[in-house]
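A.B. asks: Let me begin by handing over the structure; questions about it come next.
The values are calculated or read from the model by the stated rules, or taken from the named source; none is laboratory data. Remember, it's a predicted structure, so these values are computed and weren't measured experimentally. Glycine also receives a Cβ, built like all others from the backbone with ideal geometry; neighbour counts cover every protein chain displayed.
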Amino acid sequence: MVNLLKNILYLALLTILTSCLIRPEPKATFSDLLVSRGDIVVSSANSTFSDSLVVFSPNGTFKRVLYELPNPSSESIGGLSWLPSTNEILINIEGGSSSGDRIEAFNVINGTVRTFYNNTSNYSGTGITAIAVLENTGDVIANEGSVIERFSSRGIRETWTTIWPTSVIANTQQLVPLKNGNWLACSSSAGLRISPDSTTDLTAVATATSAIVATTQSYGCGQLSDGTIVVAWNGTSDAIQTYTSTLTSPTTLISNSSVLSNPRGIAIGENDEIYVSDNTRNMVIELDIDGNVTREFGSSYIVAPSSLLVIPSFN
């Protein structure tokens, strides 16, 4: 009887102790996502096959071809941006006669593609390039060739008397939403311009032109975490320069034709990595904030790269 009571007490004590133990959290499981935070998406042009979006990991390793245009002979990718409300990549497309100029949205969760905007009456310019999602309003601005159009985050075209669409800067090649709510445009003919996110007044906040002889075309620009502006100048002496947030005090980070022979788009990583596409070398060059080349990648997978996008954190 004594042994029986001891066993009962032992089992009761064991039950109490077991119920008091902290159970470990279940291990997270991960799906094979199309992209991950920090991946670099690069537009690749090809005269034989479709223009495409190619994804590389943050260390420059090829991951996959993410997207291809449906009409290879008559369409091209002009610019890329991230639509945070829907986890989509916005693609500004110079279309052919069959599909027309348009903006498409690629969902990085499930790989579906939808039309964000397509209207042959209002969106049919020549030279479709840049696109950006503004910081404060969340509106989308996109270069249609001669003008920059404005849309809501749901793809509804916005017109505001004589303000939008706007032609405040010609030949825009990249649009950058700035952290203070303004937006930056870099041009292949008109230098740099910072404009306010406004529907009533687009008076320039700041402007700048290149001081490098015979190197006045800008195809790429971006903003570092401290507000510094990074610009790719294209011409006789290709260079990457930095400016203050008000486009003053230009400083050359790198000017080396063996490294940069035809700089185009710029993207900034979350740790201020500077990614520059080289349209001639078929490469993406990664620089640190001092202008040192830390990595080159892409030559086996991309042709004439232009637009770049670093994938942010997403749900």
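A.B. asks: Only one of 215, 199, 246, 203 is more than 21 Å from the chain's Cα centre (by Cα) and farther than 27 Å from residue 165 by Cβ. Can you tell me which?
C.D. replies: It is 215.
A.B. asks: Within the stretch 140-150, is even one residue among the aliphatic types (A, V, I, L, M) and closer than 17 Å to residue 192 by Cβ?
C.D. replies: yes
A.B. asks: Next question, about the same structure. Kindly list the number of the only condition in (1) under 19 Å from residue 302 (Cβ atoms); (2) among the hydroxyl-bearing types (Ser, Thr, Tyr); (3) in contact with a Gly (Cβ under 8 Å, 6 or more places away or on another chain) that fails for residue 124.
C.D. replies: (1)
A.B. asks: Select the strands (runs of 3 or more DSSP E) contained entirely in the stretch 127-175, then report the ones holding at least 1 residues which are small (Gly, Ala, Ser) and either surrounded by fewer than 19 Cβ atoms within 10 Å (Cβ to Cβ) or under 16 Å from the mean Cα position of the chain (by Cα) (or both).
C.D. replies: Output list reads 131-133, 140-143.
A.B. asks: Hey, another quick one. Modelled with pLDDT under 95, more than 20 Å from residue 286 (Cβ to Cβ) and crowded, with 17+ Cβ neighbours inside 10 Å: does that describe residue 191?
C.D. replies: no
A.B. asks: Residue 146 passes all but one of (1) closer than 25 Å to residue 227 by Cα; (2) out of contact with any strand residue (DSSP E or B) (no Cβ under 9 Å at 6 or more places or on another chain); which number fails?
C.D. replies: Tallying (1) closer than 25 Å to residue 227 by Cα; (2) out of contact with any strand residue (DSSP E or B) (no Cβ under 9 Å at 6 or more places or on another chain), residue 146 fails exactly one: (1).
A.B. asks: Another question, if that's okay. Can we say residue 281 is over 28 Å from residue 83 (Cα atoms) and crowded, with 17+ Cβ neighbours inside 10 Å?
C.D. replies: In short, yes.
A.B. asks: Among the residues of the stretch 94-117, how many are surrounded by fewer than 17 Cβ atoms within 10 Å (Cβ to Cβ) and under 25 Å from residue 169 (Cβ atoms)?
C.D. replies: 1
A.B. asks: Shifting gears a bit: If I ask for residues that are of a type in the set (Val, Ile, Thr), closer than 26 Å to residue 181 by Cα and free of Cβ contacts under 8 Å to residues at least 60 places away in the same chain, which ones from the stretch 253-276 would you list?
C.D. replies: Selection gives 268, 274, 276.
A.B. asks: Just to be sure, is residue 313 surrounded by fewer than 17 Cβ atoms within 10 Å (Cβ to Cβ) and more than 21 Å from the chain's Cα centre (by Cα)?
C.D. replies: no
To keep it simple, each residue is scored yes or no on (1) under 30 Å from residue 315 (Cα atoms); (2) at pLDDT 95 or above; (3) among the charged types (D, E, K, R).
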{"residue": "70", "(1), (2), (3)": "yes, no, no"}
{"residue": "80", "(1), (2), (3)": "yes, yes, no"}
{"residue": "100", "(1), (2), (3)": "no, no, no"}
{"residue": "117", "(1), (2), (3)": "yes, yes, no"}
{"residue": "133", "(1), (2), (3)": "yes, yes, no"}
{"residue": "138", "(1), (2), (3)": "yes, yes, no"}
{"residue": "145", "(1), (2), (3)": "no, no, no"}
{"residue": "150", "(1), (2), (3)": "yes, yes, yes"}
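A.B. asks: Search the stretch 196-218 for residues that are more than 27 Å from residue 181 (Cβ to Cβ) and touching a residue at least 24 places away in the same chain (Cβ under 8 Å) and pair each with any residue that is of a type in the set (A, V, I, L, M, F, W, C) and crowded, with 17+ Cβ neighbours inside 10 Å when their beta-carbon atoms are under 8 Å apart and the residues are at least 6 apart or on different chains.
C.D. replies: The qualifying pairs are 212/233; 212/239; 215/233; 215/239; 216/233; 217/233.
A.B. asks: Could you list, in sequence order, all residues of the stretch 242-263 that are of a type outside the set (A, V, I, L, M) and surrounded by 23 or more Cβ atoms within 10 Å (Cβ to Cβ)?
C.D. replies: Passing the criteria: only 263.
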